[in-house]
Structure formats: C-alpha cells, structure tokens
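For reference, the structure is listed below as structure tokens.
Computed from the coordinates by the stated procedures, all read-outs in this text should not be read as laboratory data. This one's a predicted model, so the numbers in the text were calculated from it and none came from an experiment. Please note: Cβ atoms are built from the backbone with ideal geometry, for glycine as well, and neighbour counts cover all protein chains shown.
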Amino acid sequence: MPAKPVSIGPLSFSSKGHANDYFKDVLYKYDLGDKVTDEDAAILTHLVHMHPEAAEKIGAGIESFSVRTADYGTRCFWINRVDATTEKFSFRACY
C-alpha cells in the first residue's frame, strides 16, 4: 500500500514518516528552553490546529512556541499561551 501524503499549511510530505523526520529535525535544532523562531512557529501553528485536542491545547491563544522537556525526559514542543499558561503537544498526534 503506498504512503499517504500529509499536508500541513504550506508544506507537503509524501508520507507521515517524512513529516515526522521534518518535525523531529525542527525539535532538535533548538536547545531546551529556546523559543522557536517566527518561521517555525508559523508551521507549528498550522500543525497544532490539526491536533485532535486542538482547542484544549491552544486554550486562550498562542503567543509563541518553545522546546522543553516532557514526560520521561523527552523533548517536546510547548505552546506558550497569551494568558501566560503553557501546554505541551506531540507533533505525531497531529496527523
């Protein structure tokens, strides 16, 4: 069975695996605690809107994104909301 293409905002990937590779690269190009650039944040905004719990994850609204640790010491994208709260999200859950 051929791989199913994945589209996220302006980006298109030939498979979920290629999308995973792209977002893993983005995740690991930052040091823990770093704020994500505006360019990467634009793509992450498209991505988080695809999350099955998007409304809960976005909450009051997105101010920015950062890279921090999550469960068991793994690294994860975090949403920094406009109300100063934060929420982690898995890019793999979004497609």
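Data for the structure
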item	result
Counted charge near residue 10, where neighbours are those whose Cβ lies closer than 14 Å (Asp, Glu -1; Lys, Arg +1)	-2
Percent of beta bridges antiparallel (DSSP, the chain, rounded to nearest 5)	100
Size of the chain as Cα extents on the principal axes (Å, biggest first)	44, 26, 26
Close Lys-Lys pairs in the chain, where close means Cα under 14 Å and separation is 8 or more or interchain	4
Local electrostatic count at residue 42 - Lys and Arg +1, Asp and Glu -1, tallied over other residues with Cβ under 15 Å	-3
Taking the stretch 6-94 and dividing mean pair separation by its residue count, relative contact order in percent (alpha carbons under 8 Å, at least six apart)	26
